[in-house]
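The values are calculated or read from the model by the stated rules, or taken from the named source; none is laboratory data. Note that the coordinates shown come from a computational prediction; the quantities given were computed from them, not determined experimentally. Counting neighbours? That spans all protein chains shown, and the Cβs are built from the backbone with ideal geometry, glycine included.
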Amino acid sequence: MTNKHALIIDDDAYNVYIMERLLDRENISYTAVTDTASLELTLSNLGKVDIVFLDLEMPKRDGYELKRVLSDYVKDGVPIVACTVHTAEIRNTRSLGFSSFIAKPLDIERFPDQLRRIFEGEPVWETK
């Protein structure tokens, strides 16, 4: 999956670290945003984005608000994946137009297949 670039939006440094390591294993470059106040600035200077991993519960601005912000910067068709421990949010994310849902903690064994399926256009809705 070379030449792919992911955007990670999560306020937890450990979660970002784990996502970065998983993406490294798949040869996918990434940009991480841990402070949502700087999201628009980062987006305006960011080149191509092929996938977005978006945490839902963050201070100041939650993932639902940020999904609306992303629509101004990220091309249509780019998958926006809810990545959260709050598995009860799966119904909300589906109804609000997220492309997929992957529950935390991320599963190192399942992640490559989840990623492949998302890039192939298959929605992934997994709470385990």
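Name every residue in the stretch 93-118 that is farther than 13 Å from Phe53 by Cβ, of a type outside the set (Asp, Glu) and assigned to a helix (DSSP H, G or I), in order of residue number. Matches in the stretch 93-118: Arg94, Ser95, Pro112, Arg116, Arg117.
The residue that is surrounded by the fewest Cβ atoms within 10 Å (Cβ to Cβ), counting only those in the stretch 8-33 that are within 12 Å of the chain's Cα centre (by Cα) and farther than 17 Å from Pro105 by Cα, is Thr31.
Of everything in the stretch 34-53 that is of a type in the set (Val, Ile, Thr) and closer than 17 Å to Ala82 by Cα, the residue that is surrounded by the fewest Cβ atoms within 10 Å (Cβ to Cβ) is Thr34. Taking the stretch 34-66 as the range and being of a type in the set (Gly, Ala, Ser) and either over 15 Å from the mean Cα position of the chain (by Cα) or on the phi > 0 side of the Ramachandran plot (or both) as the test, the residues that pass are Ala37, Ser38, Ser44, Gly47.
Considering the conditions (1) modelled with pLDDT of 95 or more; (2) aliphatic (A, V, I, L, M); (3) surrounded by fewer than 14 Cβ atoms within 10 Å (Cβ to Cβ), Ala88 is excluded by exactly one of them, (1).
In this structure, is Pro112 out of contact with any strand residue (DSSP E or B) (no Cβ under 9 Å at 6 or more places or on another chain), surrounded by 13 or more Cβ atoms within 10 Å (Cβ to Cβ), over 12 Å from Ile9 (Cα atoms) and not aromatic (Phe, Trp, Tyr)? It is true that Pro112 is out of contact with any strand residue (DSSP E or B) (no Cβ under 9 Å at 6 or more places or on another chain), surrounded by 13 or more Cβ atoms within 10 Å (Cβ to Cβ), over 12 Å from Ile9 (Cα atoms) and not aromatic (Phe, Trp, Tyr). Condition first: at pLDDT below 90 and either under 18 Å from Val16 (Cβ atoms) or in contact with a Phe, Trp or Tyr (Cβ under 6 Å, 6 or more places away or on another chain) (or both). Now tell me which residues in the stretch 64-85 satisfy that. Those that are at pLDDT below 90 and either under 18 Å from Val16 (Cβ atoms) or in contact with a Phe, Trp or Tyr (Cβ under 6 Å, 6 or more places away or on another chain) (or both): none in the stretch 64-85. If the condition is being of a type outside the set (Lys, Arg), in contact with a Phe, Trp or Tyr (Cβ under 9 Å, 6 or more places away or on another chain) and over 22 Å from Ile18 (Cα atoms), then the stretch 86-102 contributes Asn92, Thr93, Leu96. Can you find a residue in the stretch 103-121 that is small (Gly, Ala, Ser) and farther than 21 Å from Tyr17 by Cβ? Taking every residue of the stretch 103-121 in turn, at least one turns out to be small (Gly, Ala, Ser) and farther than 21 Å from Tyr17 by Cβ.
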